[in-house]
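Chemist: A single structure is presented below for examination.
The values are calculated or read from the model by the stated rules, or taken from the named source; none is laboratory data. Keep in mind that this is a model prediction, so the values were computed, not measured. Neighbour counts are summed over all protein chains in view; Cβ atoms, including those assigned to glycine, are modelled from backbone coordinates with ideal geometry. We work out accessible area using only protein heavy atoms, side chains counted, and drop any ligands, DNA or RNA first. Shrake-Rupley method; radii C 1.70, N 1.55, O 1.52, S 1.80 Å.
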Amino acid sequence: MASAAAATAAAAAVAASIRERQTVALKRMLNFNVPHIKNSTGEPVWKVLIYDRFGQDIISPLLSVKELRDMGITLHLLLHSDRDPIPDVPAVYFVMPTEENIDRMCQDLRNQLYESYYLNFISAISRSKLEDIANAALAASAVTQVAKVFDQYLNFITLEDDMFVLCNQNKELVSYRAINRPDITDTEMETVMDTIVDSLFCFFVTLGAVPIIRCSRGTAAEMVAVKLDKKLRENLRDARNSLFTGDTLGAGQFSFQRPLLVLVDRNIDLATPLHHTWTYQALVHDVLDFHLNRVNLEESSGVENSPAGARPKRKNKKSYDLTPVDKFWQKHKGSPFPEVAESVQQELESYRAQEDEVKRLKSIMGLEGEDEGAISMLSDNTAKLTSAVSSLPELLEKKRLIDLHTNVATAVLEHIKARKLDVYFEYEEKIMSKTTLDKSLLDIISDPDAGTPEDKMRLFLIYYISTQQAPSEADLEQYKKALTDAGCNLNPLQYIKQWKAFTKMASAPASYGSTTTKPMGLLSRVMNTGSQFVMEGVKNLVLKQQNLPVTRILDNLMEMKSNPETDDYRYFDPKMLRGNDSSVPRNKNPFQEAIVFVVGGGNYIEYQNLVDYIKGKQGKHILYGCSELFNATQFIKQVKYIPLLFVAIGIFQKRERKPLTHLNQLQPKPSSYTKIRCCHGRLRKP
Amino acid sequence: MAVDITLLFRASVKTVKTRNKALGVAVGGGVDGSRDELFRRSPRPKGDFSSRAREVISHIGKLRDFLLEHRKDYINAYSHTMSEYGRMTDTERDQIDQDAQIFMRTCSEAIQQLRAEAHKEIHSQQVKEHRTAVLDFIEDYLKRVCKLYSEQRAIRVKRVVDKKRLSKLEPEPNTKTRESTSSEKVSQSPSKDSEENPATEEHPEKILAETQPELGTWGDGKGEDELSPEEIQMFEQENQRLIGEMNSLFDEVRQIEGRVVEISRLQEIFTEKVLQQEAEIDSIHQLVVGATENIKEGNEDIREVPHL
C-alpha cells in the first residue's frame, strides 16, 4: 500500500515541471543555500546578486525583478561590470567557472567589495580553479569571508514548464553549423560534445532522475549518448559523491518508472525548421524577434503630418515578457492564429463590460441625495463598490495583458498578410503530407506578391526534401532560375542537396503523416464582429494533428512499438552494472515520462507537436529540449555558410589535422567523425 | 541538486597554504594573516548606515514579539469568564494599543531620518540604490508588523460593537415601557393643564382618559378602573405602530452600520492609493513647472528673433 502511494507520489514528483524545480533551486541559492520558507513577519535580510551572462540567461525567464526583490536582493549586477564596494552586505555569486570569471572573483576578493561571499557555480568547478580562488582568498586574508561554495548544476535554460534549451551565450559553439561543418577538428568536436553533455548532466541532476537513453546510430546524437551514459555511470558508481542518491533524489528513489531520454539528431528532419507555421507561439518565434520568452516589437509611431524636412517617423521599440503568469498566453500559445485573434477580441469585450460595470456604479453614486428611491439600492451598491475597487488591480492587469497580446497579434497579422504566410503554410502542409497540390510550385515561387525570397526558398527546400524522387535536371534548372529571379541565394539548396544524398542511403526519408488542413472558409466570425483583427483574405485554416518525425520516433520508443525506423536505436542504461550497450531494451513496459532532446537545434513547431501528441495521453509527460532554438531565418543563415561538403562519401581516412585558415578552402579534411556525422542514416557496411 | 563544496574549498585553502609555505612564497596568510584579518575588519567602514538599519530592525522585531506575546490574551473575548491567569482588562488593552502606536511612530520616524541621511556623502550610484532598497525593505517590515497590530485592534473593535449591539437588544421591552411611561408623563402635564382648561380641546381629555388606564395598570395610585375595549384596542394599535417604527429604524441603523464599514474599508484603500500617487503627482508637478518655464523662455527667444 505504502509503496503504491509512494510510487504515484514519485511519479508526480518526477513529473513536476522542470521550471518549478529550477526555480526552487534558484530560490534556495538566493536564500543563502537554505530552503526558502515564506514567513510573513520575518525580518528582512538583504543581499547583492552578482551573475555573469550565463547566469543572467538562466535567471531571467524564471524570476522577475520583483521576485528577486522579494527574496531580499537589493542590487543585481553583472560580474564583469564596474562595481563599487558596498560595506556590510553579503554577496551571492552565480557564475560559470571559467578562467575570466574566476579572475574577476579573485579581484573582488582582493578589493574587499562585500562583507561575505556565497559562491555558486552554474556547473561543477574543477579542483585547480577552486585552488585559485583559495589562493586569492588567502592573499586577501578573506578566507573567513567566503561563507559557502556550491556547485549548482543548473547549466541549462528553462523556457516553459516542459521545455529547455542548453545555452544562449555560446550557442555558436554548439550550433547546427558547428556540429555539422565538415572542417571540424576532433578536439573541437570533443569540446562541443562535452558542453552538451555537461548541460544534459546538470539537467538530470536537477530533475533528480537517471534516464534510460535511446539514440539513433551513426549520428552526433549517438556521441552525446555515449558520453552522457559514461558520465552518469561514473557518478552513480562514486557512492560517496553521487548526486542521485539519498535525499537529493527524494521520492524518485522509489519510482519504478524511470524516464526515457530520446536523443535525436537534427538531420533526421530538416523540413520542420524551415516550415511555416500557424500556431501562436511558433508564429511569434518565426516572424518576430522572440528570445528567452521576451518579444521585441518595433512600432512605428503614428503618421506625422509634419512639413517636409521635419523629423522622420520614429520607431518605438517595445518589448514584452511572455510569462507563465500570463493566463491568456498559457491558454493560447498552441492555438491556431485565427482562434487567438478571436480570443483576444473576446477578452477585450469582457474587459470592457467589467469596466462599464464599474463606471455605472460611479453614476449611481452620483444620484445620492437626489432620488430617495435610490437609497435602498445604495446598500447593495456600497458593497459592490468595495468589491469593484478592490478588483481594480486585477482589472488593470487584465488590460495590460490584452494590450500586450493585441500588439503582438497585430504585428504577427501584419506579417501574415504581407507575406501571405497562410498560403505557404497550407501548401507546405500539403507537400509534407503528400496530398495533391492544386497550384504548381513554380507559380508560387514566381508570384511577386507572395512572401519574401526567404519564404520562397523555404518552400522550395521543403519540397525538395519531401519529394521521393528528385526533380529532373530541367525542372531543377527552372526552379533555380525562378528562385534567383525572386532574389534568393542558392547556397542552402546546395547543402540540402548534399544532405539529401546522404539520407538516401538510409531508409525512406521521414514522412510527415497523411492528414490535411481544412480551410474553414474565408468568412469567419472574426470579420463579422468588426474586430480589429481584420483577417480579410486570410484563410482560416484548421490544423489537423499530424505527427512530425520526431514525435513519431518518440511514440515508437515510448510505447515500445516495433518500427524499422527505431528498432536499431541504441539502448543505454547507466544504472546497469554491465556497461555495454545492447540493442535489446530490457524494459518492456511503455514509459510514462520522456525527454526528447534534439542535438543540433530545435524549434517551437516540434515542441508544439509533442505537446499536442501528449495531450491525448493521460498521465504521460514529455519534456522537450534542444541544443539551441532557431527559427527558419536563423537556420537558413547557418546552413548558407556551411562550406560545401565534398561529395565523396567513401573517404573515412583519418588525416593530419591542419588548421584551416580560410573557410572557403575546399580542401576537405574529413575528421574521424565524418564516419558518424555526415551519414545521416545507416552506415553502408563495406 | 546543488552540492555543497565549502568543505572542499576549506581543504583547498589548507593545501594552498601548505604549498605556499613549502615554496616559501610570502603570503598574507598564515598566523599573521588571521590577525591581519581581524585588524583589517575593524577599520573597515562598518557603515553607520547598516548598523543603524539593523538597530531599527531589531526594534521592530521587539515590537513584533511584544504584540505576538500578548496577542492571545488581547483577542480573548471571554476573559471575564476565564481565570485570573488569562485575563486582560480593557485598560491593559488600551495601554498596549497606545504603546504600540508610539513605538510605530518612532520607528517610522527613524526610517525617515535614515532615508534623509542615507544619500549624504555617498557618491556611488550602486550604494545609493542599495540603501534605498534596504530602507524599502525595512519599511515593508514595519508595515507588516503594523498589520498585525491593526488586525488585532480591528477584531477588538468589532467585538465591542457586537457586544453593544447585543446589549441593545435586551432592554427593548424596557425601553418601550420606559417610552410609554415617559409619554404618559408628558401627557400628564397637558392633562393637568387641561383640567384647568376643560373647554379647549377634547384631545387632552382623551389623553387624560388614555393615560389614566395606563396609570391604572401601573398602579400609579390614580386608581381609575375604566378600560373600555375600544381603548384597549387603540392602545394595542399604537403599540404595534411604535414597534413597527422602532423596527424599521433599527433596520436602517443596521444597514447604515454595514455601509459605514464598507466605506471605511474603501477609505483605507483610497488613502493608500492617494499616498502612492502623491509622489508621482509631485514629480508631475515639477515637470509641468519646468515645462511652463521652458515654454516661457522659448516664447521670449522667439520674440527676439524678428529683432535680429
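Chemist: Taking beta carbons within 10 Å but only from partner chains, what does the mean come to for residues B:132-142?
Modeler: Across B:132-142, the average partner-chain Cβ count within 10 Å equals 4.
Chemist: Based on a Kirkwood Rh over C-alpha pairs, give the Stokes-Einstein translational diffusion coefficient of region B:48-153 at 37 °C and viscosity 0.692 mPa s in µm²/s. Write down the numbers at each step before the final one.
Modeler: Working: Rh = 15.5 Å.
Result for D is 212 µm²/s.
Chemist: For a bin width of 10 Å, list the pair-distance distribution of region A:109-166 built from all Cα-Cα distances, rounded to whole %.
Modeler: Spelled out per bin, shortest first, that is 21, 41, 22, 14, 3.
Chemist: So what are the radius of gyration and Dmax for the Cα set of region B:238-307, in Å?
Modeler: Final numbers for Rg and Dmax: 28.6, 93 Å.
Chemist: In whole Hz, with x marking every Gly and Pro, tabulate ³J(HN,Hα) for region B:2-19 from phi via Karplus 6.51 cos²θ - 1.76 cosθ + 1.60, θ = phi - 60°.
Modeler: 7, 10, 7, 10, 4, 5, 4, 5, 4, 4, 4, 4, 4, 4, 5, 4, 5, 5
Chemist: Would you please calculate the Kirkwood hydrodynamic radius of region A:16-143 over all C-alpha pairs and express it in Å, rounded to one decimal? Kindly include the intermediate steps, with their values, before the conclusion.
Modeler: Details: mean 1/r = 0.0653 Å⁻¹.
Result for region A:16-143 stands at 15.3 Å.
Chemist: With a 1.4 Å probe and every protein chain left in place, tell me how much accessible area A:Tyr424 has, in Å² to the nearest 10.
Modeler: 0
Chemist: On to the next question. To the nearest 20 debye, what charge dipole does region B:238-307 have about its Cα centre, counting +1 at the Cβ of each Lys and Arg and -1 at the Cβ of each Asp and Glu?
Modeler: Value, rounded to 20: 280 debye.
Chemist: For region A:330-347, what does the Karplus curve 6.51 cos²θ - 1.76 cosθ + 1.60, with θ = phi - 60°, yield as ³J(HN,Hα) per residue in whole Hz, taken in order and with x for Gly and Pro?
Modeler: 4, 6, 10, 5, x, 7, x, 4, x, 5, 4, 4, 4, 5, 4, 4, 4, 4
Chemist: Among A:Met457, A:Thr435, A:Thr467, whose Cα projects farthest towards the positive end of the dipole of region A:422-506, with charges put on the beta-carbon of Lys, Arg (+1) and Asp, Glu (-1)?
Modeler: Of the listed residues, the answer is A:Thr467.
Chemist: Output the peptides A:93-102, B:61-70 sorted from most to least packed, where packing is the average of other Cβ atoms within 10 Å over each peptide's residues.
Modeler: Answer by packing, highest mean first, reads A:93-102, B:61-70.
Chemist: Got a number for carbon plus sulfur as a percent of region B:238-307's accessible area, 1.4 Å probe?
Modeler: Details: 3500 of 6010 Å².
Of the solvent-accessible surface of region B:238-307, carbon and sulfur hold 58 percent.
Chemist: Here is a further query. Could you run the numbers on buried accessible area between A and B, total for both chains, 1.4 angstrom probe, in Å² to the nearest 100?
Modeler: Accessible area lost upon association: around 5100 Å².
Chemist: Using a simple charge model, +1 on the beta-carbon of Lys and Arg, -1 on the beta-carbon of Asp and Glu, nothing else, what dipole does region B:48-153 show about its Cα centre, in debye to the nearest 20?
Modeler: 280
Chemist: Sequence gap at least 6, Cα distance under 8 Å: using those rules, report the relative contact order of region A:16-154 to the nearest whole percent.
Modeler: With pairs under 8 Å counted, the relative contact order is 22 percent.
Chemist: Moving on. Going toward the positive end of the dipole of region B:48-153, with +1 on Lys and Arg Cβ and -1 on Asp and Glu Cβ, which of B:Leu114, B:His70, B:His130 do you reach last?
Modeler: The residue sitting farthest along the positive end of the dipole is B:His130.
Chemist: In cubic angstrom, how much convex hull volume per residue do the alpha carbon atoms of region A:422-506 span?
Modeler: Numbers: hull volume 7.7 nm³, N = 85.
Taking only Cα atoms, region A:422-506 has a hull volume of 91 Å³ per residue.
Chemist: Enter the mean number of other protein chain beta carbons within 10 Å of the beta carbon of each residue in A:128-140, as an integer.
Modeler: Per residue, the average neighbour count from other chains is 6.
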